[in-house]
Number of protein chains: 2
Amino acid sequence: MRRVAIVGIGNGKFGIRKDASLRELAFEPVKECLDDAGISLGDVDSMVTGIASDEFSLAFQPSAQIHDYLGFNPKPNFRVEGACASGSMAVRTGWLTVASGIADVVLVVAAEKMNEVNTGVATEILGRAGDSTWEYPFGTSFPGYYAMIASAHMDRHGTTEEQLAMVAVKNHHYGMMNPLAHIQKEVSLEMVLNSFVVAHPLKLYDCCLISDGAAAIILASEEKAKEISKKPVWITGLGCGTDTLGLNERRDLTTLEGTVFAANQAYKMAGVTPDDIDVACVHDCFTIGEICAYEDLGFCKKGEGGKMIEEKQTYLDGKIPVNVDGGLKSKGHPIGATGVSMSVEIVKQLREEAGKRQVKGAETGLSHNIAGSGQAVAVHIYQRD
Amino acid sequence: MRRVAIVGIGNGKFGIRKDASLRELAFEPVKECLDDAGISLGDVDSMVTGIASDEFSLAFQPSAQIHDYLGFNPKPNFRVEGACASGSMAVRTGWLTVASGIADVVLVVAAEKMNEVNTGVATEILGRAGDSTWEYPFGTSFPGYYAMIASAHMDRHGTTEEQLAMVAVKNHHYGMMNPLAHIQKEVSLEMVLNSFVVAHPLKLYDCCLISDGAAAIILASEEKAKEISKKPVWITGLGCGTDTLGLNERRDLTTLEGTVFAANQAYKMAGVTPDDIDVACVHDCFTIGEICAYEDLGFCKKGEGGKMIEEKQTYLDGKIPVNVDGGLKSKGHPIGATGVSMSVEIVKQLREEAGKRQVKGAETGLSHNIAGSGQAVAVHIYQRD
């Protein structure tokens with residue numbers, strides 16, 4: 001199997017980006033990652049685009065807007081979609097492209113411009129990522145799906161609203177250290193607990209943002225990577241899992257089986273265990289998501305996720321720092337872009353370029369990205385030389 | 001590079017399928033291709049889903065409906081999209097998955113249920129595959145894009161309306177021999193020429209259908225293919241190309257640069273030339289599309305596509321039989337499914353299982369699938385042992 005490295009990274013500013021169209025958003029990190037790699041678009045063999053929704057883009061085949069605007073044609077490009085995990089599915093596809101031997105240098109770009117539509121419409125679109133026959137039509141929105149997961153977790157494992165809120169406090173704290181974050185604002189436990197209820201037990205500050213943004217990376221074969229980069233970061237494990245469409249079909253609401261399956265695949269492929277992970281970006285679209293991720297990724301035992309955040313084990317100086325870039329909670333969640341943005345953050349950490357939020361001596365990283373309420377999940381493992 | 005074979009094929013009935021939902025449509029060819037390969041879903045490592053539009057599916061993340069309905073979870077699945085070439089991009093991604101070594105047996109399924117919306121809405125959705133800033137908003141629909149290509153071809157190369165019509169006559173003729181075809185009806189030159197004008201010079205019978213349907217294949221590594229199948233068909237060449245978003249940016253409307261680029265990549269990879277192709281499925285969403293394909297794929301010189309159909313060189317007993325399954329014109333064009341359906345037809349031909357439409361002794365086949373009006377193109381080359 002050919003080894004594949006990330007040799008260039010770029011991440012645009014996340015936020016409400018009324019100043020840029022989808023294609024302009026995508027251009028920013030592409031330029032940045034090419035500059036970072038020290039190559040030009042002419043050196044790139046192939047491209048993969050991650051975008052979650054036609055409807056946010058107000059287009060059909062939105063990937064064509066991006067290759068056209070970059071001037072990448074006539075070289076290959078197509079779109080990969082896995083809802084909120086579209087970015088990681090695009091990274092996976094880029095990896096496959098290099099590993100297969102069909103290309104040596106691949107650009108992976110992912111973008112979403114969610115604020116093209118208003119929040120109500122966005123909530124409608126996102127709700128249809130769940131079971132659009134048996135759940136969504138009866139009023140279940142995205143916060144609703146995760147509220148059911150949170151309620152079940154509280155019931156079964158004694159997780160508290162305070163523990164959920166602690167995830168928000170941590171991630172907003174680290175978002176303050178990330179200039180790319182959508183919201184840079186410290187929040188206290190009281191602020192989170194006193195914010196208005198979106199879907200009980202989830203309150204405003206338990207929910208991620210509706211953001212615009214884009215991120216991009218350059219992947220290269222071993223030979224090209226050694227030529228291009230002094231600090232290649234290797235993707236050594238890839239896992240992908242799925243779960244039922246509807247929550248009503250799941251055996252246990254508190255476990256996302258797709259995460260467990262994807263993580264096991266990725267750990268096995270990389271030959272590592274959860275204990276080897278030095279830094280992780282996990283899918284905290286809602287605070288309960290991060291707690292489930294701790295457990296499903298094997299960072300702690302099932303039911304102990306609440307305790308893990310309460311003991312600050314996922315802070316910068318804890319057992320395993322998680323979402324020290326601010327996470328979806330504070331950095332923002334332009335859904336298609338999120339997975340690639342996670343890859344960018346892990347590369348920064350493994351290159352020791354993460355500034356104030358640097359995890360000292362990080363050698364092995366993990367990203368975990370969820371489509372919808374777990375219908376698909378991607379886990380990648382990253383290692384430096 | 002690992003060799004990859006198609007070891008199972010399935011194709012549901014194309015048509016107006018009010019009897020089945022998207023997930024039910026997808027189930028039909030999946031069962032058929034598993035039966036054809038003689039394996040069960042438990043033997044499949046990974047899955048890729050090709051679907052073109054969220055809006056036709058009335059869902060976000062439509063691929064999750066399919067893996068859930070199949071019961072494929074927790075194993076990997078995500079969606080690949082390249083508008084009307086989504087099926088071929090999914091085949092490409094399935095090939096990458098096996099060739100990379102990450103999986104040995106991969107299910108590629110593609111489906112579209114276009115008749116969930118009425119023809120007017122479908123035309124709106126499809127129109128947005130073009131330039132949704134500078135062309136579509138000013139009234140350009142999909143027939144409009146191809147009408148401009150046809151007008152330019154007539155102007156520059158002397159192609160006639162009769163020659164366009166001859167493509168329809170041929171494809172409807174062969175559609176009669178394909179029980180899966182949406183429309184089984186012979187049409188005469190006069191019928192085509194006298195049908196109403198959709199977008200001059202394209203008339204009703206120059207345009208493909210708005211269809212529902214699904215197709216699926218099983219891909220396997222060399223070792224697994226030899227274990228599973230007595231008649232593996234190898235995908236030996238893959239090409240992917242792109243073009244500008246808007247037609248207004250193209251140097252020559254009569255050439256789709258994405259096709260030329262993708263074909264050259266695929267021929268080079270397979271080590272063949274256009275003369276080696278024994279049978280081809282090309283993208284005849286409009287009759288002019290097939291004429292451009294003859295030229296851009298190198299089956300004839302530029303400008304001689306009209307002559308090629310006039311001389312019946314692409315009939316079953318001609319120089320190179322094209323679209324003898326009826327093509328998009330008569331078999332139908334459930335946009336996401338089309339590319340996989342092309343793979344299914346080529347495999348039938350190379351296995352000599354195509355019945356009345358069999359190309360005698362076919363050893364090398366080609367499929368050519370276009371996204372939109374050429375924004376992305378996939379070309380695959382297939383060879384039997």
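The values are calculated or read from the model by the stated rules, or taken from the named source; none is laboratory data. Predicted model, so just to flag it, every value in this text is computed and none were measured. Cβ sites come from the backbone with ideal geometry, for glycine too, and all protein chains shown count toward neighbours.
Considering segment A:68-91 alone, what residues qualify as being within 11 Å of chain B (Cβ to nearest Cβ), assigned to a helix (DSSP H, G or I) and small (Gly, Ala, Ser)?
A:SER86, A:SER88, A:ALA90
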Unique match (being more than 20 Å from B:ALA5 (Cβ to Cβ) and modelled with pLDDT of 95 or more) among B:ALA150, B:ALA122, B:ALA99, B:ALA37: B:ALA150
Looking at (1) under 30 Å from B:ARG17 (Cβ atoms); (2) of a type outside the set (Asp, Glu); (3) modelled with pLDDT of 95 or more, which one does B:LEU209 not meet, given that it meets all the others? (3)
Restricting attention to segment B:215-236, the residues that are among the aliphatic types (A, V, I, L, M) and in a helix (DSSP H, G or I) number exactly 2
Could you identify the single residue in B:ALA263, B:ALA293 that is away from chain A (no Cβ under 14 Å), under 21 Å from the mean Cα position of the chain (by Cα), assigned to a helix (DSSP H, G or I) and small (Gly, Ala, Ser)? B:ALA293
Any idea which residue in segment B:246-260 is nearest to A:ALA59 (Cα to Cα), counting only those that are facing chain A (nearest Cβ under 9 Å) and more than 20 Å from the chain's Cα centre (by Cα)? B:GLY246
Within segment B:1-55, residues being closer than 16 Å to B:LEU180 by Cα and not basic (Lys, Arg) number 17
Of the listed residues (A:VAL272, A:VAL233, A:VAL322), the one being under 27 Å from A:LEU209 (Cα atoms) and either among the polar types (S, T, N, Q) or modelled with pLDDT of 95 or more (or both) is A:VAL322
Considering each residue of segment A:52-66, count those that are in a loop (DSSP other than H, G, I, E, B) and at the interface with chain B (Cβ under 7 Å from one of its Cβ atoms), and give that number. 5
Just checking, does segment A:170-179 include any residue being in the same structural domain as A:GLY355 (by TED's automatic domain parsing), among the aromatic types (Phe, Trp, Tyr) and either within 23 Å of A:GLU24 (Cβ to Cβ) or touching a strand residue (DSSP E or B) at 6+ places or on another chain (Cβ under 8 Å) (or both)? no
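Residues checked against (1) buried (at least 23 other Cβ atoms within 10 Å of the Cβ); (2) farther than 24 Å from A:ALA215 by Cβ:
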residue: A:VAL109; (1), (2): yes, no
residue: A:ASN115; (1), (2): no, no
residue: A:THR119; (1), (2): no, no
residue: A:ALA122; (1), (2): no, no
residue: A:LEU126; (1), (2): yes, no
residue: A:SER132; (1), (2): no, yes
Quick one: how many residues across segment A:127-148 are within 12 Å of chain B (Cβ to nearest Cβ), assigned to a helix (DSSP H, G or I) and either charged (D, E, K, R) or touching a residue at least 24 places away in the same chain (Cβ under 8 Å) (or both)? 1
Selected residue (criterion: farthest from the other protein chains (Cβ to nearest Cβ)) from residues of segment A:266-277 that are part of a helix (DSSP H, G or I) and in contact (Cβ under 8 Å) with a residue 60 or more places away in the chain: A:ASP276
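Any residue at all in segment A:26-39 that is at positive phi and assigned to a loop (DSSP other than H, G, I, E, B)?
For segment A:26-39, residues at positive phi and assigned to a loop (DSSP other than H, G, I, E, B): present.
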Can you spot a residue in segment B:92-102 that is under 17 Å from A:ARG79 (Cα atoms) and more than 8 Å from every other protein chain (Cβ to nearest Cβ)? yes
Determine if segment B:278-286 includes at least one residue that is surrounded by fewer than 24 Cβ atoms within 10 Å (Cβ to Cβ) and part of a loop (DSSP other than H, G, I, E, B). yes
Tell me which residues, restricted to segment A:2-25, are on the phi < 0 side of the Ramachandran plot and outside any loop (DSSP other than H, G, I, E, B). A:VAL4, A:ALA5, A:ILE6, A:VAL7, A:GLY8, A:ILE9, A:GLY10, A:ASN11, A:LEU22, A:ARG23, A:GLU24, A:LEU25
